[in-house]
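The values are calculated or read from the model by the stated rules, or taken from the named source; none is laboratory data. Small disclaimer: the values here were computed from a predicted structure and weren't measured. Virtual Cβ from ideal backbone geometry, glycine too; neighbours counted across all protein chains shown. To get the accessible areas, we keep the full protein, side chains included, count just its heavy atoms, and leave off ligands, DNA and RNA. Shrake-Rupley method; radii C 1.70, N 1.55, O 1.52, S 1.80 Å.
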Amino acid sequence: MLWCCHSAGDLAKKKIYPALFALYVEGHLPKNFSIFGYARSKMSDEEFREYIGGSLTCRLSDGENCGDKFDEFLERCFYQPGQYASEDDFRALSDRLSEVEKEKEKANRVFYLSIPPSIFTAVAGCASTAASSPSGWTRVIVEKPFGKDSESFAQLEKELSNYLTEDQMYRIDHYLGKELIENLTVLRFANLVFEPLWSRQYIRNVQVIFSEDFGTEGRGGYFDQYGIIRDVIQNHLLQIVSLFAMEAPVSLAAEHIRNEKVKVLRSMKKLSLDDVVIGQYRGRSGSGVDKPGYLDDDTVPEGSLCPTFASVAVFINNARWAGVPFLLKAGKALASRRAEIRVQFHQVPGGLYQDKLGHDGDRSSNELVLRIQPDEAIYLKIINKVPGLGLNLDVTKLDLTYKQRYNIHLPDAYERLILDVINGDKRLFIRNDELDAAWALFTPILKEIEEKKIQPETYPYGSRGPIGSHYLAAKYGVRWGDIL
Ligand code: BG6
């Protein structure tokens, strides 16, 4: 097995190499593996080892010999400089790969295209024609953005399919590699208690919330070409909704799961401008805080209308979900960093205990929360009697906070996903028809927003986002549940 990791970029340094190291320390990488960095900058193997070495860390749970593993791991890392669109340079890479492979009977190759989208096709082409494995399989990991709309996605797919089969392609959405997201199907289908409630009959609304407490600092130029809907909602949040809302798959096979997810995506009601609120953050200073606004970023074009925040109300037109609002919210530079799924159930009919709830009365319906990050947890808000004499009720939690229940380090999403690529498991990777359906939902509304030059509502850095987002929820009788 040979692992060829593409690029020396930021994601590679922060996520991919550390994930590979963690897999190595825990004995998940194949016995014979090598890692090659490939990018345009000139670097020797030694310099490359120094470059990535700084981002590799041992966890407490890795034990004492993790330090030795550090050197062993780096000895297996090499670097080959080259141009992205040069078959000759990829041939040179392939020659080096063959050198380290030569004693192995069968060598597989994985290419991780952690590169700008404009060069996806060129690199996939060069890698597959000049550097694919002569003796084993070749797999290619592709990172978003998968186009900017339906047309560019279709074009990208067409070009990539000249070089790669669907079987070889692993389209990463790193949210699918997060512990709580993988657990979502377990929670639903391995327990008796949730699935019977999992429908319009009991669920009033579902909220999928992503918020970051930092702005686009340093990434403004890139971000401005996409905006928050393309960056986070069209992929991460929609993927979560499709897993949340799908019917039980025939089996746990990747194709069966993805067949069900795509049906959900295809059942979504066409979006209109009334279903969407967009926002953009402004700087905030005073009281010792000095945070720049989105437009203060030098890399952002002057007067940009790019949304750094959006709320979207999505409806799934099928027997299970008709009429249930799925409210998606994502934003940068908000009050806190968190990602959650919140499931709000209907009020108990009859209201037998309503007057005993005091000020909790208006928030008294049950709510199931899956906190994806930080501090992973699943909890169910229930009404409980306050212990003691008298009959006073309050809202409390049945609480499964992972840190308290499982005393283990949770693997990073990239560790799980990279291991799946090695094992050829595509359950957590996106199929092209899923992306096609996701773009079909968002392309018309994105075009309308852009063509009509819709002004994003402004919100202060560190706030809860624009007020319009609360009105959008209120229109469906919903209150966002992420009030701290
Ligand atoms: C990426 C987005 O896909 O996800 C970023 O492009 C965002 O804008 C990031 O910051 C968030 O990932 P995580 O795992 O840190 O929540």
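Quick notes on this structure:
- Taking segment 401-480 as the region of interest, the helices (runs of 4 or more DSSP H) fully inside it that hold 3 or more residues being loosely packed, with under 15 Cβ neighbours inside 10 Å and either of a type outside the set (G, A, S) or in contact (Cβ under 8 Å) with a residue 12 or more places away in the chain (or both) are 402-405, 432-451, 467-475.
- Residues located in segment 191-236, provided they are within 11 Å of the ligand (Cβ to nearest atom) and of a type in the set (A, V, I, L, M): I228, V232, I233
- Residue pairs meeting the criteria (Cβ under 7 Å; at least 6 apart or on separate chains; first in contact (Cβ under 8 Å) with a residue 60 or more places away in the chain, in segment 213-225; second outside any loop (DSSP other than H, G, I, E, B) and within 11 Å of the ligand (Cβ to nearest atom)): T216/F223; F223/D231
- Qualifying position, being of a type in the set (S, T, Y) and within 30 Å of N407 (Cβ to Cβ), among S94, S98, S55, S41: S55
- Residues that are aromatic (F, W, Y) and open to solvent by 10 Å² or more (accessible area, probe 1.4 Å) within segment 215-229 comprise Y222, Y226, listed in sequence order.
- Top-ranked residue of segment 191-214 - restricted to ones that are in a loop (DSSP other than H, G, I, E, B) and among the aliphatic types (A, V, I, L, M), ranked as least open to solvent (accessible area, probe 1.4 Å): V193
- Of everything listed in (1) part of a helix (DSSP H, G or I); (2) within 16 Å of the ligand (Cβ to nearest atom), the single unmet condition for F146 is (1).
- Boolean, S41 is hydroxyl-bearing (S, T, Y) and over 29 Å from G424 (Cβ atoms): yes
- F21 falls short on exactly one of the conditions (1) at pLDDT below 90; (2) under 25 Å from the mean Cα position of the chain (by Cα), and that condition is (1).
- Extreme residue, surrounded by the fewest Cβ atoms within 10 Å (Cβ to Cβ), among residues of segment 311-346 that are within 18 Å of the chain's Cα centre (by Cα) and more than 13 Å from the ligand (Cβ to nearest atom): R342
- For segment 83-109, a tally of residues being in contact with a helix residue (DSSP H, G or I) (Cβ under 6 Å, 6 or more places away or on another chain) and in contact (Cβ under 8 Å) with a residue 60 or more places away in the chain returns 1.
- Residue match in segment 251-268 (condition: assigned by the TED database to the domain that holds F442, β-branched (V, I, T) and open to solvent by 30 Å² or more (accessible area, probe 1.4 Å)): no
- Taken over segment 105-129, residues that are aliphatic (A, V, I, L, M) and open to solvent by less than 10 Å² (accessible area, probe 1.4 Å) amount to 6.
- Candidate set from segment 131-166 (those that are of a type in the set (S, T, N, Q), surrounded by fewer than 15 Cβ atoms within 10 Å (Cβ to Cβ) and not assigned by the TED database to the domain that holds L11); member that is farthest from the chain's Cα centre (by Cα): N162
- Residue in segment 464-473 that is out of contact with any helix residue (DSSP H, G or I) (no Cβ under 6 Å at 6 or more places or on another chain) and at pLDDT below 95 present: yes
- Picking from residues in segment 172-190 that are surrounded by 21 or more Cβ atoms within 10 Å (Cβ to Cβ) and not in a loop (DSSP other than H, G, I, E, B), the one that is nearest to the ligand (Cβ to nearest atom) is Y175.
- For the residues E434, E457, the requirement of being over 18 Å from M169 (Cα atoms), among the charged types (D, E, K, R) and modelled with pLDDT of 95 or more singles out E457.
- Number of the exception - Y281 against (1) surrounded by 15 or more Cβ atoms within 10 Å (Cβ to Cβ); (2) closer than 30 Å to D425 by Cα: (2)
- Qualifying positions in segment 237-269 - closer than 30 Å to P301 by Cβ and away from the ligand (no atom under 12 Å from the Cβ): L238
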